[in-house]
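K.L.:
Sharing a structure here in structure tokens format.
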Amino acid sequence: MMPKLRRYQLAILLVALLVGKGISSADEGSVITLFSSSQTKIAIPKSWEPLTFPKIPTPTRYRAIQRKGRTIIEARSQGGASGLIHPLDIDPATYPWLTWQWQVEYALAGADVATKDGDDCAARIYVAFKFDGRNMNWWERFKFKTKRAFAGREIPGSAITYAWTNRGRAGTIIESPYTRYTKLIVIESGNKLKGRWVTERRNVVDDYRAAFGTSPPAIMGIAIMTDTDNTGASVTAYYGDIRLEKKSIP
């Protein structure tokens with residue numbers, strides 16, 4: 001079973017391990033390196049780096065594969081967990097639209113993202129945001145500053161998880177059982193669409209306001225993760241290109 005500490009620290013780990021390696025900024029192209037842009041067609045772009053957890057011996061296996069002439073990411077999890085992360089420094093007011101494609105083999109029947117012991121997902125996308133202490137009391141701000149000092153680098157203060165769960169109505173917001181500064185939003189649930197490519201589009205600014213009651217700070221990073229370390233299940237998911245788009249795009 002996974003260490004309890006991992007879920008509590010996940011939003012921090014998603015970006016903190018990469019911040020010291022350089023931040024990607026918006027340019028004339030996509031602000032997130034597209035999987036389909038891989039020049040070798042069978043390689044994960046270098047800007048997407050692995051995130052593993054020392055106390056979880058079995059990482060999820062991510063690899064680039066070809067499907068109908070484009071490169072996508074296959075994620076195979078067998079009772080383990082790890083992710084891929086892409087650092088950013090983006091104003092969500094300028095790039096509010098997050099779009100992506102994904103496919104799951106099936107939803108995890110034994111998972112329950114509202115509990116510490118059931119927090120597994122066949123597929124999920126994290127959006128990590130910079131620290132913003134406006135809604136924190138003095139003790140929470142103190143704890144955050146202590147964590148930041150311990151890490152020796154900037155760490156995110158909040159995160160949204162877009163998830164494919166086994167239950168729940170689409171659009172439902174679930175607070176992490178470990179911290180109120182990570183909120184999960186159910187995007188797809190159950191097996192009705194299993195085995196199909198599904199395209200999603202979310203307004204990150206609107207979702208952050210709904211989840212936290214305030215406008216979002218800058219986005220620090222995007223991550224994908226398929227994890228089964230709680231349920232011990234085996235599942236395969238696929239991720240297509242992920243984009244952050246300007247509000248001028250319809």
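The values are calculated or read from the model by the stated rules, or taken from the named source; none is laboratory data. This one's a predicted model, so the numbers in the text were calculated from it and none came from an experiment. We place every Cβ from the backbone using ideal geometry, glycine too, and count neighbours over all the protein chains shown.
K.L.:
Suppose we filter segment 43-52 for residues that are closer than 25 Å to Gly79 by Cα and in a loop (DSSP other than H, G, I, E, B); how many remain?
P.N.:
Selection size over segment 43-52: 4.
K.L.:
Determine the pairs where a residue that is touching a residue at least 60 places away in the same chain (Cβ under 8 Å), located within segment 156-171, has a partner that is buried (at least 20 other Cβ atoms within 10 Å of the Cβ) and of a type in the set (Ser, Thr, Tyr) with Cβ atoms under 6 Å apart, the partner being 6 or more residues away or on another chain.
P.N.:
Ser158/Tyr181; Ala159/Tyr126; Ala159/Thr182
K.L.:
Go through Ile187, Ile173 for me and flag whichever is buried (at least 20 other Cβ atoms within 10 Å of the Cβ) and not polar (S, T, N, Q).
P.N.:
Ile187
K.L.:
Looking at Tyr208 and the list (1) touching a strand residue (DSSP E or B) at 6+ places or on another chain (Cβ under 7 Å); (2) at pLDDT below 90, which single condition is not satisfied?
P.N.:
Status for Tyr208: all satisfied but (2).
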